[in-house]
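The values are calculated or read from the model by the stated rules, or taken from the named source; none is laboratory data. On a predicted model such as this, the values are computed, not experimentally measured, just so you know. Heads up, the Cβs are rebuilt from the backbone with ideal geometry, glycines too, and the neighbour counts pull from every protein chain shown.
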Amino acid sequence: MEQQGRVLRLVVEENEASSRLDRYLTEKIEGRSRSYLRKLIDQGLVLVNGRQVKAGYLLTAGDDVRVEIPPPQPLEVVPESIPLDILYEDKDIIVINKPPGMVVHPAAGNYQGTLVNALLAHCRDLSGIGGMLRPGIVHRLDKDTSGVLVAVKNDYAHKSLAAQLKRRTVERWYLALAKGNFREDQGVIDAPIGRHPVKRKQMAVVEKGRPARTWYYVRERFDQHTLVECRLETGRTHQIRVHLAHIHHPLVGDQVYGGRQNHLGMTRQALHAYHLGFRHPRTGESLAFSVPVPYDMAEVIDKLRRSAVR
């Protein structure tokens, strides 16, 4: 939906009426923080029905919202020589197996040691569409989620992959170790996701959230846990973590959405992006990459298998 350096036009729908302007924009414009959007509002870059309003303005159905997204600023992120597990690379894209614990792009509190810092040291020709702090980034993985991620080296590749994501033709398959036993061997979680109404740093299933669909398939059952494959139809922030917690099967090790549970020694959420498939932005060739779960998650799964045999 977002267009960098251009004007975004939105019309408020009936079910979005009475929303604060800043919260409305946070829900509609993916990848932009509420504080960033407030700055745009304060700078007069957001107009409602042709006039400047405050961030707390309450919208009404039919309001015409005009948002001017400034063009990306000159890059100021410092390149860092950090080892990368590169699965594939050419002049347009680079596919990485991201380890757990690595932040994808700089943000408040994490301006060093990120994947972007590492990419800039490895290949300085990254797409500028993502902005000053997110060059080359088309999609993200949470800090503590491991697995396959693709970054882009030019705007042409960025637009192509962003369009594939929008059309939902990109294959994003995850392995997740969840608490409890799933009743069905497969199913779909179709529940809208938005900001938690109280805990604003968290996401939640909320009535006025953005549409979100996660397909799941049971891969292995243990005594009190289940290994499931999750396939994303949409890509909301924390989608798998929120959806599985919503159906009372939170991820093992999830300190945010997992509640009080035995984390089995996991110090992060047991979530791994094991497969990524898409069409090459220039050649149209179908590409697919799969990687095994990292050691920490594999070790916990092996322990559960050994316990089940006894």
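Every condition in (1) more than 29 Å from L141 (Cα to Cα); (2) in contact with a Lys or Arg (Cβ under 9 Å, 6 or more places away or on another chain); (3) of a type in the set (S, T, Y) holds for T60 except the one numbered (2). In the condition set (1) in contact with a Pro (Cβ under 9 Å, 6 or more places away or on another chain); (2) of a type outside the set (A, V, I, L, M, F, W, C); (3) outside any loop (DSSP other than H, G, I, E, B), E299 is compliant with all but (1).
Are any residues in the range 22-74 part of a strand (DSSP E or B) and over 20 Å from P197 (Cα atoms), and if so, which ones?
Within the range 22-74, V46, L47, V48, R51, Q52, D64, V65, R66, V67, E68 qualify.
Of the residues making up the range 11-21, those that are surrounded by fewer than 19 Cβ atoms within 10 Å (Cβ to Cβ) and either free of Cβ contacts under 8 Å to residues at least 24 places away in the same chain or not in a helix (DSSP H, G or I) (or both) number 5. Identification of strands (runs of 3 or more DSSP E) wholly contained in the range 159-228 with 1 or more residues that are over 16 Å from the mean Cα position of the chain (by Cα) and assigned by TED's automatic domain parsing to the domain that holds G258 yields 171-179, 186-190, 213-221. Residues being modelled with pLDDT of 95 or more and within 23 Å of V291 (Cα to Cα) are represented in the range 181-192 by at least one member. Within the range 258-298, the set of residues being without any contact (Cβ under 8 Å) to a residue 24 or more places away in the chain and either farther than 16 Å from I94 by Cα or basic (K, R) (or both) comprises G259, R260, N262, H263, P292, Y295, A298.
The test for being under 21 Å from the mean Cα position of the chain (by Cα), at pLDDT below 90 and over 16 Å from P135 (Cβ atoms) does not hold for Y24.
Taking the condition touching a helix residue (DSSP H, G or I) at 6+ places or on another chain (Cβ under 7 Å) and outside the structural domain of E220 (by TED's automatic domain parsing), does P281 pass? Steps first, answer last, please.
Details: touching a helix residue (DSSP H, G or I) at 6+ places or on another chain (Cβ under 7 Å): yes; outside the structural domain of E220 (by TED's automatic domain parsing): yes.
Here the answer is yes, as P281 does meet what is asked.
Determine which member of the set H243, H249 is of a type outside the set (S, T, N, Q), touching a strand residue (DSSP E or B) at 6+ places or on another chain (Cβ under 9 Å), within 11 Å of K179 (Cβ to Cβ) and assigned by TED's automatic domain parsing to the domain that holds F182.
Matching residue, one of H243, H249: H249.
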